[in-house]
1. Given the options A:Val246, A:Ala146, A:Cys268, identify the residue whose Cα lies farthest towards the positive end of the charge dipole of the range A:112-338 (+1 on Cβ of Lys, Arg; -1 on Cβ of Asp, Glu).
2. Grab the Cα-Cα distance for B:Asp148 and B:Asn82, subtract it from 0.36 nm times how many residues apart they are, and report the gain in nm with one decimal.
3. Output the lone cysteines of chain A: those with no second cysteine's C-beta under 4.7 Å from their C-beta.
4. So what is the 222 nm mean residue ellipticity for chain B from helices alone, if each DSSP H run of at least 4 adds -39500 (n - 2.57) and you divide by all residues, rounding to the nearest 500 deg cm²/dmol?
5. Hey, how many Å between the Cα centroid of the range B:322-374 and the Cα centroid of the range B:517-595?
6. What's the FRET efficiency of B:Ser613 with A:Glu183 using the Cβ-Cβ distance as r and R₀ = 51 Å, to the nearest 0.05?
7. Considering the options A:Gln340, A:Ala16, A:Ile131, tell which one lies farthest towards the positive end of the dipole of chain A, charges being +1 on Lys and Arg and -1 on Asp and Glu at the Cβ, about the Cα centre.
8. Can you list the lysines whose alpha carbon is less than 17 Å from that of B:Lys380, not counting same-chain residues fewer than 8 positions off?
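The numbers here are math on the coordinates, done by the rules we state, and not lab data. This structure is a prediction, so every number in the text was calculated from the model and none was measured. Every residue, glycine as well, gets a Cβ built from its backbone with ideal geometry; the counts of neighbours run over all protein chains shown.
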Amino acid sequence: MAENLQTIIAQISEIAAEFNKDIQQTKSRDDTEQVKVKFLSRKGVVQNLFVLLGTLENQDRPRAGAELNRLKNDIQNAIDEKLKSFQTGKRSIELFDPTLPGKEYHIGSFHPLLQVLDEIKDIFVGMGFRIEEGNEIETDYHNFEALNIPPDHPSRDMHDTFYMGGKYLLRTHTSPVQIHTMEQQKPPIRMIAPGKCYRKDTPDASHSPIFNQVEGLCVDKGVSFGDLKGVVQAFAQKMFGKDAKVRFRPSFFPFTEPSAEYDFSCFCKGKGCRVCKNTGWLEISGAGMVDPAVFGFVDYDPQVYSGYAFGMGVERIAMLKYRVNDIRIFYENDVRFLEQF
Amino acid sequence: MKVTLKWLKEFVDFSLTPDELAHALTMAGLEVEEFYTERHDFSKIVVGKVLSVEKHPNADRLTVCTVDTGDGQFSVVCGAPNVSPGMLSPFAMNGGTVANGMKITSREVRGVKSSGMLCSEAELGLSERAAGLMVLPENTPVGLNMEDYVGNPDTVFDISITSNRPDCLSIIGIAREIAAITGTSLKKQKTTFAVTPQENIDDYIKVDIKNSFKCARYSGRLIQNVKIKPSPFWLASRLHSVGIRSINNVVDITNYIMMETSQPLHAFDYKKLAGKTINVREAVDGEKFVTLDEQEHILDKEALLICDAEKPVALAGIMGGLNSEVDNSTETIFLESAYFDPGNIRRTAKKIDLFTESSRRFERGTDPNGTVFAMDRAAKLMQELADGRVLSSFIDNYPRKITPVEIDLSVKNTNKLLGTNLSAENITAYFPALEIGINKQENDLIQIKAPTFRPDLTREVDIIEEIARLYNYDNIIPVLAPPVNQEQEANQKVNFKDQVRHYLAGFGFKETVAYSLVSEKLAEPFIPSKNEFAQLLNPISRDMAGFRPSILLSLLTTVAYNRNRQKSNLRLYEIGNVAWKDQQKEGFTEFTQIGGILAGKSQEQSWYGPEESYNFYDIKGAVAALLHKCGINGYEQGQVVEPFWDVESSSILINGKYCGAFGKFNQDVCSLFKIKVADIYGFFINYEELFENRLKDKKYDPVSKFPSVPFDLAILIDANIALHEIEKEIKNSAGPHLIKIRLFDFYKGEQVKKGKKSIAFSLTFSSKECTLGDEEVEQAVNNVLAHLNKLFGAVLRPG
Ligand SMILES: [Zn+2]
């Protein structure tokens, strides 16, 4: 027997009214459960109406379906609310225990090395440096030659290099990024290059064949060694606190002249401790004024421009900061380690 | 490089304590790694006189000696071959302690009572000479405590010398630095010695240099009548302090002078040189030569050889030959002191992998004008310590004269580069001690002459470094200048990567950083063919044979590592570079990948719910969330190409381009990583694509002020129609007010007809202009239904 839309709509209103009456009279969980069976069970009042839906004309079905769905939802909500009202009353005295643990979250985290790197990046970006990145597989030219380290140069001994065939190798420092940047840009330049570097070291507590380095470069007219000292000192104080002191010692790198090693004052404030081997100073890395020969490779005029460059090992700083005594731990990714950061 | 305080003081006067000296040298660029005063415990060790030596009754190699200490006589069992009646030797009495910590007591040796011990230099820690007893000079008082004999202990400094300072691979070089630091000058050492007159060295030997580039200078002296014997104690012990073994007097003298001057010397046994000739020539390809250490080397034509009339006798600058070595019967020495081209020595040493104290100095650059001085210092010692007679005339072939480099130094440039305010006088004051000469000086310009023992000084900037070093870096005032380039833009590629890291950490992933070098075995499933593995030519191990081809390889390694430590539920990510060997052209393709991993359970059994394991839709959800955050709304899925995925997997296509994949790792790849339970899901996305497709300019889309209208739509549809297709068509047909589609129910199985699926969407309609009426929503839904019906044969699901 075909039904028409009006009768269905009318029946929906009737059922709604009946339900409202019933639900108001319920006084307990059981009463409510009975109302639920009457209206929502498989043979309940609402389900019967859904069956009738199939007998409607096609164009009427969505409207009726929508109305019926709304009714079903309203009934369900009202019943849930009622059931809850009985429940909460009870739980507030008997079942509620505020000391149960909250639901567990998945807690994300950043790797400690990259947290330190983020901090370093922030400090230098704040001082007007732009971050540059480059490939880890480099050419001999960019890793060595353009940095004034010709083939057969004794200082190549310091860079125990992984070779990949042809002119390719794994970069031993992030300094090739300086060269790429200078090849593409004219001064003024103020950049840092963070990234992974590779040296053929057998892994032990203080050596890793893979490590992270940040190299900085500033080139402009009239840049001096005093500027280099200023920037490195500002960095030390931002990283390790206002009391941090910096010491520069002469050294040798083929791509800088004058060259320096720089140390930060130890946390023991010069008293001497195990970390600084009783010297009061922590060796950080190398720095210096860009060697004019390097400018030659990138076509900058050393009569016009001067610059400074500096490097630092991220692991070294992270080890000092977090008191990690074995560099390998950073690369094991033991979650018991990671979740501490 | 090790030096001792007493040795330095032979060349420069200074009053710094060892501590102050170490600091001063370090601050001048000669980093003192450690310094220590040699300590010997000589209590109860005295000069003993061996009165008698008798054979031990029960042992062939032992003797029983009577030793007099002036205070008494002792019977001692001794094993030294050189023990003889009358000799003086250190004697450790009972209760004394020798260098290895052994305490001397009375004991029985093979049935004979022995008290005390006669000692070698090694046993007292004075040198490494252990083969026989230390022989003391005849006039040494018996019973003298050894401390009084040896004198004050010396202090040894171990200094790290940078490769640009070959001059500091010597006592004199370091003494010169001390002179420069303390403002004094070097004490010149005499090289005078008696010579045999009226003899011409040309009658004894001729030197012919065939290649004056590789050998610019060759000096030599003939010393006759030498007696090869052990070095005196002072020489052996001084070499011992700086780490050199004592061999015999002649060899020790050449080493001693090399340590003193940085000029390597070589002593040939003159009678082993055929034809009274030295030829300095290049090797022929494939020429073989046996060095002193009895190793045979195959040379190429780059290598330089020192030859006699018949054969090579030394590998120039690196090591002498076995065939011309000084031995105990040597009577005449030909002493070589030469200058070889640094680059050539380095290349040869590297090729044959033979690095010596000599090659270390030549390859960094010795002083071409210092050969005769060093040779004469050695000749003097040979006369004194080996009874040698030095021939008056000597060889000095110098075909390619090397003169001091002249450099123009501007005071202005110096101050500009250093940020200092030094006067010309301040600057030139540093030069005398460094032996830097001044040719002329006018106004701003100082024309200087760099000494030839300083090959590192060739340009103005090199001199500026010398000035800075001696002025002391500490005195340069730090300046914090404003940024030089305020208008430069941030690097978006770096910043966006950091944003992605924040998104993933926000989704509860922990960041990892793994070694990017991996084994070939693990790399295999991640590259199409073995040829594409970015292999290293010289790996340190098979586990680090090449560059990782996929970030997922690192993440699976991390999973395996943690699972071995009972951590099986993991939610990790890594962003890093991966590389493949290029097949088309020589080289490599390196790119950045983002990878994530979900392993094990997402929720452990808890008081509020049962445990739940990660599944395909967890990883898909993570990918969708990441793409959403990057403003990439809409991506397509396709077949994966990588062989490590299980059937539950899908690729990620953005604008039709394959740029990543996600899904479950198959059993094979898990087994390869020794992961027992294959319940790992992962994703990777190539960073470049994500960066290129990110939403660059986010613009605010005003939210509606009017209430939205929900509508639930349940349909039956062919099971093989992809959900994103259906959603696309709903959007296409629902009109402008549909703002959200959300699937809330899905069913496939017995309850619906075979080949169909039942799906239910919650649709949300909203208009920015008005409150939507029921009719408008109904109309929209009707349109959707009709459209889906026409396109896919979808029908409304019966309640
Ligand atoms: Zn300390």
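1. A:Cys268
2. Going from the current span to full extension adds 21.4 nm.
3. Among the cysteines of chain A, those whose Cβ sits 4.7 Å or more from every other are A:Cys197, A:Cys218.
4. -7500 deg cm²/dmol
5. So the separation of the two Cα centres works out to 46 Å.
6. Efficiency computed from Cβ-Cβ geometry: 0.50.
7. My answer, from the dipole projection, is A:Ala16.
8. Excluding near neighbours in sequence, the set is B:Lys188, B:Lys190, B:Lys227, B:Lys229.
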